Structures are given as C-alpha cells and as structure tokens.
Amino acid sequence: MALTYSTMEELGSSAPPFDLPVANPSADGLPGDRRRLDQYDAAALVIVFTCNHCPFAKHVEDALIQSAAAWANRGVQFALVNSNDAKGYPEDSFDAMAARAAEKAYPFPYLYDESQEVAKAYGAVCTPDIFAYDRSKKLVYRGRYDETRPGMGAATGKDLHDALDLFLSSGEVLSEQIPSVGCNIKWKPGNAPA
C-alpha cells in the first residue's frame, strides 16, 4: 500500500464526462447498465473514487452509505468509481464490485473505470478520493471525507458534510479543504498519470 494524498483539483473546474458500466444497475433507479455524467441532475453530485480492497476505502464505506441516505432528501446524489487494475488486484474486478455492492446494499451506483481514463481526467490518485459538483457540474469540494483513518475511530464524513451543508444552504464554497489520503489507485503497468 502506497500512502497517497489527493491532488486538490482547481475549484470551479468542470466535471469530465464519463460513460461507465455499473456493477449494481438498480441502485439509482436509472435505466440500463451504464451511467453517464449527463444523467445526473442533482443539487450536488458526489463522486468518490474507491475500491473493494483498500483499508482506507473500507474505513469510510459504511459511513458513505449513511451519507448517501442522509443527503438524498437535500438533492445530493453519490456515485462511486473503481479505477483499479483488476488484473493485478482481482478483489477489485467488476464481478467483485457487483458482489460488494449487493452485500452492502449500496444506495449509489458503483461504476467501473476499466481503462482508468476517468480517474486520469478527474485527477483522482487515491482511494478514497472525493469530488463534489454543483448542478452545473462545477467542482465545489475535493478532499477528505473526514479526519479519521483506519484504526483511529469511526468515520463521520464531517469534512464532506460541512462542505455540502455550506454550499447547499448559502451557495458558498468551503474555504478550507484538506486533501484526502489513502491507498494509491492501482494503475495498469505503464498507465500511471505523468
């Protein structure tokens, strides 16, 4: 495990488009077995780059499920993206993603970025790496879920929740945003971003 900090993309930047297969198509009520960015029309869209095996991703998983349920009534949607190399990390394969989503009853789509191009476009480098966009798909938050780490207390989502609350109540963007930290995305040989 290589400990990696998120790159803190520029606030206000546009969400790159995506068209990805979904491991749990019934999670969000949208039709088909693929999801595109333009299918989401939310007050805020939270995109979390994650995976099945990383201890940092596992640490926030149950809390993320609770966050998605708690924020749905305020117009916030969540989508999870796995960009890890499944050949090198079979626990992160599409089939394993589907099993994990079913086991945990994910209330959000779990998308598979097999080419890793979506992670590169977003500037995602670790798991979890969190990006929140407004209705116009402009970046309003990037960084950590909260201050906790595996073995250091239960995840709360405080940082993300504070940012969403401020943005949804006032339209303001949280001034202090702290990078996420976790395992590095497992890039395919020769595919890591430059």
Residue count, the stretch 169-189 (criterion: part of a loop (DSSP other than H, G, I, E, B) and either surrounded by 10 or more Cβ atoms within 10 Å (Cβ to Cβ) or among the hydrophobic types (A, V, I, L, M, F, W, C) (or both)) = 11
Specify the residue that is modelled with the lowest pLDDT; the eligible residues are those in the stretch 1-47 that are out of contact with any Asp or Glu (no Cβ under 8 Å at 6 or more places or on another chain) and of a type in the set (Val, Ile, Thr).
-> Thr4
Which of the residues belonging to the stretch 105-117 are under 16 Å from the mean Cα position of the chain (by Cα), of a type outside the set (Phe, Trp, Tyr) and not in a strand (DSSP E or B)?
-> Pro107, Pro109, Asp113, Glu114, Gln116, Glu117
Enumeration of residues in the stretch 127-163 that are free of Cβ contacts under 8 Å to residues at least 40 places away in the same chain, of a type in the set (A, V, I, L, M, F, W, C) and in a loop (DSSP other than H, G, I, E, B) = Met152
Answer yes if at least one residue in the stretch 103-122 is closer than 23 Å to Glu176 by Cβ and not basic (Lys, Arg), and no otherwise.
-> yes
If you take the residues of the stretch 94-143 that are of a type in the set (Ser, Thr, Tyr) and crowded, with 19+ Cβ neighbours inside 10 Å, which of them is nearest to Tyr5 (Cα to Cα)?
-> Thr127
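Within the bounds of the stretch 118-126, is there any residue that is more than 18 Å from Phe56 (Cα to Cα), aliphatic (A, V, I, L, M) and assigned to a helix (DSSP H, G or I)?
To start, the set of residues in the stretch 118-126 that are more than 18 Å from Phe56 (Cα to Cα) comprises 118, 120-123.
Filter once more, keeping what is aliphatic (A, V, I, L, M): 118, 121.
Restricting the remaining residues to those that are assigned to a helix (DSSP H, G or I) gives 118, 121.
Checked against the condition, which is being more than 18 Å from Phe56 (Cα to Cα), aliphatic (A, V, I, L, M) and assigned to a helix (DSSP H, G or I), the stretch 118-126 yields at least one hit.
How many residues are of a type outside the set (Asp, Glu) and either closer than 20 Å to Leu37 by Cα or touching a Cys at 6+ places or on another chain (Cβ under 9 Å) (or both) when one looks only at the stretch 65-97?
As a first pass, look at the stretch 65-97 and keep what is of a type outside the set (Asp, Glu): 65-84, 86-90, 93-94, 96-97.
Checking which are either closer than 20 Å to Leu37 by Cα or touching a Cys at 6+ places or on another chain (Cβ under 9 Å) (or both) leaves us with 68, 71-72, 74-84, 89, 94, 97.
Number satisfying all stated conditions: 17.
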Among the residues of the stretch 23-45, is any among the hydroxyl-bearing types (Ser, Thr, Tyr) and buried (at least 22 other Cβ atoms within 10 Å of the Cβ)?
-> no
Only one of these conditions is not met by Gln77: (1) surrounded by 13 or more Cβ atoms within 10 Å (Cβ to Cβ); (2) touching a residue at least 60 places away in the same chain (Cβ under 8 Å); (3) on the phi < 0 side of the Ramachandran plot. Which number is it?
-> (2)
So which strands (runs of 3 or more DSSP E) are wholly in the stretch 9-71 and hold at least 1 residues that are β-branched (Val, Ile, Thr) and closer than 23 Å to Glu172 by Cα?
-> 44-50
Would it be correct to say that Glu172 is out of contact with any Leu (no Cβ under 9 Å at 6 or more places or on another chain) and acidic (Asp, Glu)?
-> no
Pair list, Cβ < 8 Å and 6+ apart or interchain, from the stretch 6-26 residues that are closer than 24 Å to Arg144 by Cβ to residues that are among the hydroxyl-bearing types (Ser, Thr, Tyr) and not in a strand (DSSP E or B) | Ser6/Ser180; Glu9/Tyr122; Ala15/Tyr122; Pro16/Tyr122
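The values are calculated or read from the model by the stated rules, or taken from the named source; none is laboratory data. Only a predicted model underlies this, so the values are computations on that prediction, with no experimental measurement involved. Methodologically, a virtual Cβ is constructed for each residue, glycine included, from the backbone with ideal geometry; neighbour enumeration extends over all protein chains shown.
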